[in-house]
Amino acid sequence: MEVTLSKDEILRYSRHLIIPEVGMEGQLKLKQASVLLIGTGGLGAPLALYLAAAGVGRIGLVDFDVVDFTNLQRQVIHFTSDVGRKKLDSAAAKMREINPFVTIDLHEVALSSENALEILKNYDIVVDGTDNFPTRYLVNDACVLLNKPNVYGSIFRFEGQATVFAYQGGPCYRCLYPEPPPPGLVPSCAEGGVLGILPGTIGLIQATETVKLILGIGQPLVGRLILYDALAMKFRELKLRRNVECPVCGDHPTITKLIDYHQFCGVPRQAEAPQPVEGDIDPTEVKARIDRGEKFQLIDVREPHEYRIARIPTAVLIPLGELPKRLGELDASVEIVAHCKGGTRSAKAVDLLKQSGFRARNMKGGILAWSDKVDPAVPKY
Ligand code: ZN
């Protein structure tokens, strides 16, 4: 069946149709194209909005998350009234409103080795909008195995990167980073923070490359990694080459099927983290001890800028990184209770304190749990 544009579509896409490099032929390519967006968060938001507006015929969305208040600073496809709603439903509603001619597939799953090939194989182009290493390696390997272009972007604080992997003999993510960094070394977007506008800039570079690949125009961002520094307002470009030793796209690949990426990256699956440890203390118990006037020392191992957002009145601020050289400030005759934002950094602090001969316990769930269970006036962030 010959694909054509309706009168309404011709009007809608007129500013494409009058560019010779796009024209009717290009708009029909867009209409017949299918793109899978992994994630409808910071990067996925501008991607979904603009690819829908541009008339990409079928757009798949993969997400299993729910919109929360901390998303709204950058995930512009989700509105305040969407908080608590599934991100897939929230994103699809906006995309349909922008362009009812686009077909939207919803995949409400956590992408995994079990389902990735089955989902990705039905799309021409895969766009990686994830913020975690297991999914990034999974998407990369699946794209190499399926021979699909992987339009990559990543963001951190004021800096971002973008490139197109696994396209026409070009390099893949593993050519650049064969192995993930040690767990805990690189903070996630949630821990590290990100300028709200940054995913817009990087997501739109990904959207531009996606449209160029579909149209077959321009120089694709293949074999080149764009590095963007928002503070300096500078773009740099690194040349990338396919690594013949690459474990997945090299001349003698050792990875020929998908593996367990959580194990590979040394990070637990989201549902599994973080498990309370025996000896952890609940925030309500900490509050009861304060009220009873018991002698113990509460320390806050977060950073000073977090302490300025929210604090527990009796807690003494000693950032985790300073703890080893500030042990002398602690009273070894009493028990130390450490807290952070969610309980992960304070668990490290407790290990360190115990190794140094202190009696120490971790406050379960950090200041977020304190806000939930003890004092709702303490803001969550
Ligand atoms: Zn490779």
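The values are calculated or read from the model by the stated rules, or taken from the named source; none is laboratory data. Bear in mind that the values here come from a model prediction, so they are computed numbers and not experimental data. Using ideal geometry, Cβ is built from the backbone for each residue, glycine included, and neighbour counts are taken over all protein chains shown.
Could you say whether any residue in the stretch 270-290 is acidic (Asp, Glu), assigned to a loop (DSSP other than H, G, I, E, B) and modelled with pLDDT under 95?
Yes, the conditions are met somewhere in the stretch 270-290.
Quick check on my filter: what residues within the stretch 130-159 are away from the ligand (no atom under 16 Å from the Cβ) and assigned to a strand (DSSP E or B)?
Result: GLY153, SER154, ILE155, PHE156, ARG157, GLU159.
Table: residues versus (1) touching a residue at least 60 places away in the same chain (Cβ under 8 Å); (2) buried (at least 24 other Cβ atoms within 10 Å of the Cβ).
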site	(1), (2)
LYS121	no, no
VAL151	yes, yes
ARG157	no, no
ALA162	yes, yes
PHE165	no, yes
PRO182	yes, no
LEU198	yes, no
GLN206	yes, yes
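With modelled with pLDDT under 95, within 14 Å of the ligand (Cβ to nearest atom) and of a type in the set (Phe, Trp, Tyr) as the only criterion, which of TYR177, TYR167, TYR173 stands out?
Every option except TYR177 fails the conditions.
Can you find a residue in the stretch 211-229 that is over 19 Å from the mean Cα position of the chain (by Cα), within 14 Å of the ligand (Cβ to nearest atom), within 30 Å of LEU28 (Cβ to Cβ) and surrounded by 14 or more Cβ atoms within 10 Å (Cβ to Cβ)?
Yes, the stretch 211-229 has at least one match.
Taking ALA162 and the conditions (1) touching a strand residue (DSSP E or B) at 6+ places or on another chain (Cβ under 9 Å); (2) within 14 Å of the ligand (Cβ to nearest atom), which numbered condition does it fall short on, given that it satisfies the others?
Exception for ALA162: condition (2).
Conditions first: (1) at pLDDT 95 or above; (2) of a type outside the set (A, V, I, L, M, F, W, C); (3) within 16 Å of the ligand (Cβ to nearest atom). ASP300 passes all but one, so which condition is the exception?
(3) is the only condition that ASP300 fails.
For the stretch 167-180, enumerate the residues that are buried (at least 21 other Cβ atoms within 10 Å of the Cβ) and aromatic (Phe, Trp, Tyr).
TYR167, TYR173
Which condition from (1) outside any helix (DSSP H, G or I); (2) closer than 22 Å to ILE202 by Cα is the one that ALA91 breaks?
Here ALA91 clears every test but (1).
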